[in-house]
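Report on the structure given below.
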Amino acid sequence: MPIHDEVDRIVEAWTRERPDLDFAPLQVLSRVGRLSRHLDRARRESFSTSELDSWEFDVLSALRRAGAPYQLSPKALLQQTLVSSGTMTNRIDRLVERGLVHRHTDPDDGRGILVVMTPKGRERVDAAISSLLSAEAELLTRLAPADRERLAALLRKLSLDFD
């Protein structure tokens, strides 16, 4: 007997009411939207246990992924976090106030600055990513590894035009 979820019930009702329309997109994208809400909740919980907001995690994780000495120019941070220059300046200021990063003059360009993650910032982002990966793994427990790989490949294919 097939398993039905709420999206199946919604699509069935729409199909009954509007048989002239193709509801196939809802089969995929409504589920993606619903999963996105669960993922958002898992991320908020993971970040809050590390005393971070999601935007703080975005900036700190970009610095962490850069590798030691965990520093990037504000321009590089802009490219990785997709926010405006003014927003990034504000975010850096707030992270400095919290002691999670500091500004340092770029030794290769005396006019430029680098944003450098502090040990406290590294501790917070490392805790957050560990918690996040655990929560995300929990969301995927119903899928076999091969199914996860297939789903990742399909989602990658779908998202290429948006990146």
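The helices (runs of 4 or more DSSP H) located wholly in region 61-142 that include 2 or more residues which are at negative phi and of a type in the set (D, E, K, R) occupy 85-97, 119-139. Would you please name the residue that is surrounded by the fewest Cβ atoms within 10 Å (Cβ to Cβ), looking only at residues in region 23-55 that are assigned to a helix (DSSP H, G or I), in contact (Cβ under 8 Å) with a residue 40 or more places away in the chain and of a type in the set (Ser, Thr, Tyr)? Among residues in region 23-55 that are assigned to a helix (DSSP H, G or I), in contact (Cβ under 8 Å) with a residue 40 or more places away in the chain and of a type in the set (Ser, Thr, Tyr), the one surrounded by the fewest Cβ atoms within 10 Å (Cβ to Cβ) is Thr49. With respect to (1) surrounded by 13 or more Cβ atoms within 10 Å (Cβ to Cβ); (2) among the aliphatic types (A, V, I, L, M); (3) without any contact (Cβ under 8 Å) to a residue 24 or more places away in the chain, the lone exception for Leu133 is condition (1).
Tallying residues that are touching a strand residue (DSSP E or B) at 6+ places or on another chain (Cβ under 9 Å) and more than 20 Å from Gly67 (Cβ to Cβ) within region 106-163 yields 1. Checked against (1) in a helix (DSSP H, G or I); (2) under 27 Å from Ser134 (Cα atoms), Asp8 passes all but a single condition, namely (2). Scanning region 99-140 for residues that are more than 17 Å from Ser54 (Cβ to Cβ), among the β-branched types (Val, Ile, Thr) and at pLDDT 95 or above yields a total of 3.
Tyr70 passes every criterion in (1) under 18 Å from Phe47 (Cβ atoms); (2) of a type in the set (Ser, Thr, Tyr); (3) at pLDDT 95 or above apart from (1).
The values are calculated or read from the model by the stated rules, or taken from the named source; none is laboratory data. Remember, predicted model here, so these are calculated numbers, not experimental data. Methodologically, a virtual Cβ is constructed for each residue, glycine included, from the backbone with ideal geometry; neighbour enumeration extends over all protein chains shown.
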